[in-house]
Every structure is written in C-alpha cells, then in structure tokens.
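The structure appears right after this line, and notes come after that.
The values are calculated or read from the model by the stated rules, or taken from the named source; none is laboratory data. Every value quoted in this text rests on a predicted model; they were computed, and no experiment measured them. FYI the Cβ positions are ideal-geometry reconstructions off the backbone, even for glycines, and counts take in every protein chain you see. Ligands, DNA and RNA are stripped out before the accessible areas are found, and what is left, the full protein with its side chains, is counted by its heavy atoms. Shrake-Rupley method; radii C 1.70, N 1.55, O 1.52, S 1.80 Å.
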Amino acid sequence: MGSVIMGTGVSVPDNVVTNHDLAQIMDTSDDWITSRTGVKERRFVDPGVGASDLAIDAAARAIEDAGLEPSEVDMLVTATMTPDYIAPGIAGLVQAGLGLNHVAAMDLRQQCSGFLYGLDLADAYLSTGRAGHVVVVGAEVHAGFLPWSRASWDRVLGDDSVELPADDYTRNTEHRAWSVLFGDGAGAMVLSAGDSPSTGVLGSSLHTDGESFELILVPGVGFKERPWVSSDQLTEDGHLPVMDGGGLYRRAVRLMPEAALEVLEQTGLTLDEVDLVVAHQANDRILEGVRKSFGMGFEKVPSNIAGYGNTTAGTLPILYDELRKAGRVARGTVVCFAAFGAGAHYGAVLYREP
Ligand code: ACO
C-alpha cells in the first residue's frame with residue numbers, strides 16, 4: 001500500500017471509425033449505438049500493428065512523464081486480451097521495446113480488469129520493497145478480432161468506391177451486438193514506492209466470479225481442442241467472441257459498486273470522500289448504473305467511451321491520463337478505480353494522490 005502514480009501515458013491509433021461508418025457495413029445506426037452504449041467513434045490500428053506496439057508507446061510516455069530512465073524500472077506488468085501471438089504474451093516484447101533491463105515482465109489475462117489487477121500487483125511488489133518502480137500497461141488491438149472482410153475495412157476507413165458484397169453485410173450484421181462496442185488503444189502508468197500509508201494506493205478489493213465465466217468468451221479455439229485450431233472451427237466462427245450483453249450489464253452494475261464499497265469500508269473512507277470513480281468503459285449505460293448506485297453525476301464518474309469505445313485493458317489508464325492532464329487529480333484527490341469484465345474478474349482499487 002502507499003504506492004504512488006508517478007507518470008501516465010497513452011497511445012491510440014489515428015484511424016477513427018464513427019458509428020456512421022459502421023452503418024455502411026452492417027444494419028446499425030448512430031442512434032442505436034449511441035443510445036445503447038454511448039460510443040460515437042473508436043480507433044483502429046493498421047494491420048501489422050500489435051498490442052505490444054501500442055503498449056511500448058504508451059509505457060515510454062509514462063516513463064518519461066515520471067521523469068525516469070528505462071534502466072530505473074524494476075518490473076513490468078502488461079495486460080491484454082489481444083496479444084501479438086497466442087504464446088508467449090506481450091511482456092517480453094514490451095520489455096525489450098522499452099529497453100528495460102532483464103527485469104521481471106508479467107502478462108495478465110484479466111481482460112477488462114487486467115489493468116486493475118496490474119495496479120494491485122504493482123502495489124504488492126512496491127509496498128513489500130521488492131521493487132521501487134513498476135510500469136503497468138493495458139493495451140488492446142481489437143481490430144484483429146472483428147469478423148470484417150477487406151472490403152468492409154476499406155469502407156469503414158473511408159473508401160466509398162469499394163463495393164460491399166451482400167454476404168459481407170449479412171455477416172457483419174450477425175456480429176453487430178459486440179463488434180460496435182470495441183476499439184483499440186493503450187494506457188500506462190508508472191507506480192513508485194510511496195512513503196505514507198495514507199496516500200497512494202490505499203487498498204484494493206479484487207474478485208473473480210468464475211460462475212460467470214461464459215458471459216463473454218471465445219468458445220471455439222483453445223488447447224483442449226485437438227488440434228487447438230482447425231478450419232472447421234474457423235468456419236463455425238469459434239474464434240469470435242460470444243457475449244451475453246444483458247448478463248454482463250446486470251452483473252457489472254451490481255458488482256463494481258459492491259467492490260468499491262468493500263474497499264471503502266476496508267480503508268475507513270466514505271463514499272462522500274471519493275472525488276473520482278474511474279470505472280471500466282464498457283458501456284455508458286453501465287456507467288449510468290454506477291452513477292445511480294452512488295448518487296453521483298458525470299463529473300465524479302466520468303466517461304470517455306464516446307471517443308474510444310471499449311479498449312478493454314486500456315480503458316482505466318486512458319481515462320485516468322485524460323483526467324490527470326485536465327488537472328482533475330489535484331493533491332489529496334481520492335480516486336476509486338473499478339472494473340468488471342470477462343472471467344468474470346472485477347474489483348476496485350482506492351487511491352489518494354499525494
Ligand atoms: N445495431 C442495431 N441493432 C442492434 C445492434 C446494433 N449494433 N446490436 C443488437 N441489435 C438489436 C438486436 O438484434 C435486438 O434486436 P431484436 O429486438 O429485433 O431481436 C435489439 O437490438 C436489442 O438487442 P439487445 O441485445 O437486447 O440490446 P441491449 O439493449 O441489451 O444492448 C448491449 C446490447 C449494448 C450489448 C448491452 O447489453 C451491453 O452493452 N452490455 C454490456 C456488454 C459489455 O459490458 N461488454 C464488455 C465486457 S467485455 C470484456 O470484458 C472484454
């Protein structure tokens with residue numbers, strides 16, 4: 001406990017895809033997406049750009065912001081559900097790309113809660129003296145997940161001269177419930193050992209509801225299959241996510257506030273003392289539920305989902321970086337980070353800016 005956020009950094013790709021662009025390749029509308037999710041646009045990387053590339057860029061910015069040299073970093077934690085390779089994870093690539101020493105570099109697979117778990121892990125190492133400076137980065141390139149053809153990509157990226165085959169439109173529409181939610185991006189923080197238990201990370205409450213494992217998952221490829229991937233599985237779309245949107249929504253609006261109240265009780269603080277709730281940006285209606293449950297408004301439970309969509313492990317550090325740079329995190333500001341996502345992993349971390 002007591003670990004302090006010394007620097008933050010963000011990396012988002014340049015390609016912006018609006019809801020209107022999506023409406024050209026599937027049966028959807030800006031009105032549907034905006035009213036159900038709050039998303040107006042999202043960003044996507046070019047082919048060949050991986051989560052590791054965004055992670056390196058975001059983490060390098062955070063290290064510079066913290067006023068450190070890469071050689072001073074003692075540990076790296078990366079979180080992504082869209083790694084460059086199935087195995088190994090991106091931690092080694094990010095470590096080498098940043099020019100860190102041969103420090104421990106770990107991959108977390110906690111999806112939307114990946115960054116939150118990373119914060120807690122970093123704090124555990126820092127507060128026990130096993131590290132002095134830890135970089136935590138959440139990065140996603142969901143573009144590769146999307147079941148869109150080359151023609152679909154050309155159209156959403158602005159090439160109106162491309163003819164979209166009717167089958168492509170049908171297929172894109174079949175997957176519209178989840179594909180409109182996601183975007184690419186990365187955010188990073190540098191945490192350093194603090195010198196007071198009453199500032200920095202004050203406490204955490206992390207949970208996993210394994211019984212909700214199937215709320216969102218990629219069902220068809222994996223190492224219990226033999227072989228782990230086959231053309232049949234791909235034909236059946238086993239490599240694409242299956243999502244129970246309503247189930248996720250109901251659990252997220254209940255469990256994020258529960259975890260937040262738990263960490264407040266643990267640390268002896270009250271809801272009134274919380275200045276900012278930086279919650280996972282999956283859907284603005286979920287955030288509305290959190291606002292309602294806490295009796296707070298947009299100012300205290302902010303959202304930037306309109307500009308980025310759900311960047312999974314990237315949402316918390318991207319939003320926090322924005323708030324910090326907008327001057328919203330003054331000395332003494334109490335921030336409650338909260339997340340819920342696939343796994344189903346969820347929780348909250350409480351932080352006071354020194
Ligand atoms: N555009 C237009 N219509 C659509 C779209 C779309 N993009 N998607 C679905 N619809 C249609 C459906 O087909 C359905 O039509 P029907 O009534 O004719 O059958 C209708 O809209 C309503 O569909 P629902 O699924 O009931 O819509 P709902 O209001 O539940 O909203 C949504 C769906 C936005 C997915 C919502 O449930 C949600 O956001 N849940 C949370 C999801 C989430 O948090 N995901 C992130 C976690 S992921 C992670 O951890 C990696």
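Normalised by 2.2 N^0.38 Å, where N is the number of residues, the C-alpha radius of gyration of segment 200-352 stands at 1.18.
Percent antiparallel among DSSP beta bridges with both residues in the chain, to the nearest 5? In the chain, DSSP labels about 70 percent of beta bridges as antiparallel.
Across the accessible surface of segment 200-352, with the other protein chains kept in place and a 1.4 Å probe, carbon and sulfur atoms take up 50 percent. Taking max minus min of the alpha-carbon positions on each principal axis, segment 226-281 gives extents of 55, 22, 16 Å, largest first.
Residues of the chain were split at every exposed loop site, defined as GluC sites (Glu not before Pro) in a DSSP loop with at most 16 other C-beta atoms within 10 angstrom, and the longest piece left, sites excluded, is 1-162. For the chain, hydrophobic long helices are taken as DSSP H runs at least 27 Å long by C-alpha position along their axis with mean Kyte-Doolittle hydropathy of -1.0 or more; these are 245-267. Counting only Cα atoms, segment 1-67 measures 47, 31, 16 Å along its principal axes, largest extent leading. Among 29-35, 121-127, 306-312, the peptide with the highest mean count of other Cβ atoms within 10 Å heads the list, and the full ranking is 306-312, 121-127, 29-35. Normalised radius of gyration (Cα atoms, divided by 2.2 N^0.38 Å) for segment 73-224: 1.31.
The convex hull built on the alpha-carbon positions of segment 136-272 has an orientation-averaged projected area of 13.0 nm². Rolling a 1.4 Å probe across the protein heavy atoms gives the chain an accessible surface of 42 Å² per residue. Inverting the pair-averaged 1/r between distinct Cα atoms of the chain gives 20.4 Å as its Kirkwood hydrodynamic radius. If you take all other residues with their beta carbon under 14 Å from the beta carbon of GLY314, and give Lys and Arg +1 and Asp and Glu -1, the sum is -3.
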